[in-house]
Amino acid sequence: MRKAVSEKLAGYCFVGPSLVGYLAFVVGPLIAAIGLSFTHYDVLSPPRLNGFGNYARLIADPRLATVYRNTAFFALASVSLTVSLGVLLAVAVNQRLPGPLKYALRTAYFFPVLVGMIYAAMVWKFLFNRDLGVVNYYLHFFQVPPIAWLTSSNWALWSVILVYVWKNVGFTMLTTLAGLQNISREIYEAARIDGAMPVTAFFRITIPLLTPVLLFNVTITSINTLQEFDSIVALTNGGPGDASRSVVMYLYDKAFRSFDMGYASAIAVTLFGFIGLLTLLQLWGSRRWVHYG
Amino acid sequence: MANHFAETAIEPRIESGNPFSGVRLSGVIGTVIVVAGSVPMVAPFLWMFTTSLTSGARAFDLPPNWFPKDWHFQNFLTLFQSNVPFATFLWNSFEVAGTVTLAQLLTCSMAGYAFAHVRFRGRNGLFALLLTSLMMPMQVTIVPLFLMMSSLGLVDTHWAIILPLATNAFGIFMMRQFFLTVPRELVEAARIDGATQFATFWRIALPLAKPALASLGIITFVNTWNSYFLPLVFLNSWEKMTLPLGMFALSNVYGGGNVSVIMAAVVLAICPLLVLFLVAQRYIISGMVGSAIKG
């Protein structure tokens, strides 16, 4: 009987399970979220259409502006730091090193990538303690007065950024390193014969040829930072006030603490639109600065 | 492809013409930078490990203890003797992460194989469509997902977490990229010999895909093991909680009172990952980093 199954049908059977999952858990809920965003729904009574009511509330909601500003700042700072430090570390490590040292370095930088954010944040929460924390203890040798890392509105978001960079720099470092090793030595040879200085070679050869990897790192990091939830919950719980609250945390609170499902869905729709726009922007921008050699 | 990549990632090529390895001084500076930078990478783990073996009273000593002094194993025993069912959390995490991993290995390799070697109408469009879900955070769909699971009566069961994670666009992409490296002739020869599509996949293609399956399996296991958001939304009884969720509850039960016990719990949660990483570093790195290069 199997032999009678045509090639076409076999194709659909192979992708079937994935397709069903995709329709049931991605496409379906996305459409439902858009639908729910036009309703008032508190779980207890059935959803009630209220037109653009939720969207009118969004525009007037000062907390939404705050959480979007926090998220954008967090994403921008984390992307710039992880991507640029990744380049610095990759260039620094791309040389002949003793085998055991290389293994130790790779383990040290990459292992945090695998550790769950919630665990990493639980450890950092103690290190960041104002009076008893290890970070402030070592900073005081540099005459830095104690910093309230997690409880002051100036520093809370920066703490989240630092932990994000600490956890993820190993990933951008290794992707950049792999990109560096794909650049052929002949190009550097030719540049040297033409009399180019190492610094010139770095900015004219290394960086342009790394742009596909850089684009990848920027895309991955922005998608990840726009949905960061775990580290903020564990480190600051969004505080003080809303100083470090992200969009997805606000969405979660509205949906599962206030049971304001319609409003939460409207927030979800704005996030979806925001990410879609950002993706298009990155694709469009990448035509201008990414070189596929 | 994945295998070849692992080699290059692990062995930096020495380029005489590369200005950053040829010049000795920049080599020294580079070494200093990476070695100095590795200190803050490792220090939190060292503090965590030492604190887990220190009595709670001495956990906040300053200057901090970087090496255990009194080997206070009691913290680990406390975990299993307290009212918090720590062993249950561990088991639940293994169960959920293991099931999700097996499910993804099957669904992703089947779909990846079809996208690489089976011709059917709408193949490329479907593939592109699936990839768009990479851009979409779970939080966008969480409200309808919750309502759906709740109407199916699956809230506070592990199925609410396993089902949405049973397939994954990244995994499909990764497996497709691997199967594209399997020569077309090999697949067609098996078909001409009368093997069905499924037999070709199962007996010819899948055995070749072991390295890719290992990478995908480890990455999926680690991600599920660490996931906090889905369990937070769906699980609410102690008996069902996974480790990250239960740990957070644990840190609330003990408050700030006993840091050492909390750190002991983190050590136990991280240990399986460390073992996995030391054993299978090449599969993990080639799987995660390789996608950057081939993508």
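Label positions at A:R63 and B:V32, each projected 7 Å from the Cα along the C-beta direction, are separated by 5.1 nm. For A:A75, the shell of other residues with beta-carbons less than 12 Å away shows a net charge of 0, using +1 for Lys and Arg and -1 for Asp and Glu.
Here's the picture: a label point sits 7 Å out from the Cα of B:D156 along the beta-carbon direction, and within the range B:225-247 the residues with their amide nitrogen under 19 Å of it are B:230-243, B:245-247.
Distance from the C-alpha centroid of the range B:101-115 to that of the range A:1-61: 22 Å, rounded to the whole angstrom. Taken as entire DSSP H runs, the helices of chain B that both span 27 Å or more between Cα atoms along their own long axis and average 1.6 or more on the Kyte-Doolittle scale are B:259-294. Each of the peptides B:31-44, A:124-137 was scored by the mean count of other Cβ atoms within 10 Å over its residues; in descending order, highest first, they stand as A:124-137, B:31-44.
Between A:A190 and A:F142, residue separation times 0.36 nm minus the direct Cα-Cα distance comes to 12.7 nm.
What the Cα atoms of the range A:61-289 give is an Rg and a Dmax of 20.5, 68 Å. Only DSSP H runs of four or more residues enter the estimate; each adds -39500 (n - 2.57), and after division by the residues of chain A the mean residue ellipticity at 222 nm equals -22500 deg cm²/dmol. Our estimate of slack between A:T279 and A:V199, defined as 0.36 nm per intervening residue step minus the Cα-Cα distance, is 25.6 nm. Computed over the alpha-carbon pairs of the range A:148-212, the distance histogram in 5 Å steps reads 4, 15, 17, 14, 11, 10, 9, 9, 6, 4, 2, 0 percent, short to long.
Measuring between their Cα centroids, the range B:159-217 and the range B:54-77 lie 49 Å from each other. Note down the net charge around A:Y12, summing +1 for each Lys or Arg and -1 for each Asp or Glu among other residues with Cβ under 13 Å from its Cβ. Net charge around A:Y12: +3. What the Cα atoms of the range A:80-192 give is an Rg and a Dmax of 17.8, 57 Å. Using the Karplus relation 6.51 cos²θ - 1.76 cosθ + 1.60 with θ = phi - 60°, the per-residue 3J(HN,Hα) values for the range B:197-209 come to 3, 5, 5, 4, 4, 6, 9, 9, 6, 4, x, 6, 8 Hz, with x marking Gly and Pro. With Cα atoms as the point set, the radius of gyration and Dmax of the range B:149-199 evaluate to 18.3, 50 Å.
Anisotropy class assigned to the protein assembly as shown is rounded, per the alpha carbon gyration tensor with a/c under the 1.5 cut-off. By the count of other C-beta atoms within 10 Å, a proxy for reagent exposure, B:R121, A:R63, B:R282 are ordered fewest to most as B:R121, A:R63, B:R282. Kirkwood radius for chain B, taken over all pairs of different Cα atoms as the inverse mean of 1/r, rounds to 22.5 Å. Mind giving me the FRET efficiency for A:R257 and A:R288? R0 is 45 Å, r the Cβ-Cβ distance, nearest 0.05 is fine. That pair, A:R257 with A:R288, gives E of 0.55.
Rule-based calculations on the coordinates, nothing more; no lab input. Given the structure is predicted, the values throughout are model-derived calculations rather than measurements. Glycine also receives a Cβ, built like all others from the backbone with ideal geometry; neighbour counts cover every protein chain displayed.
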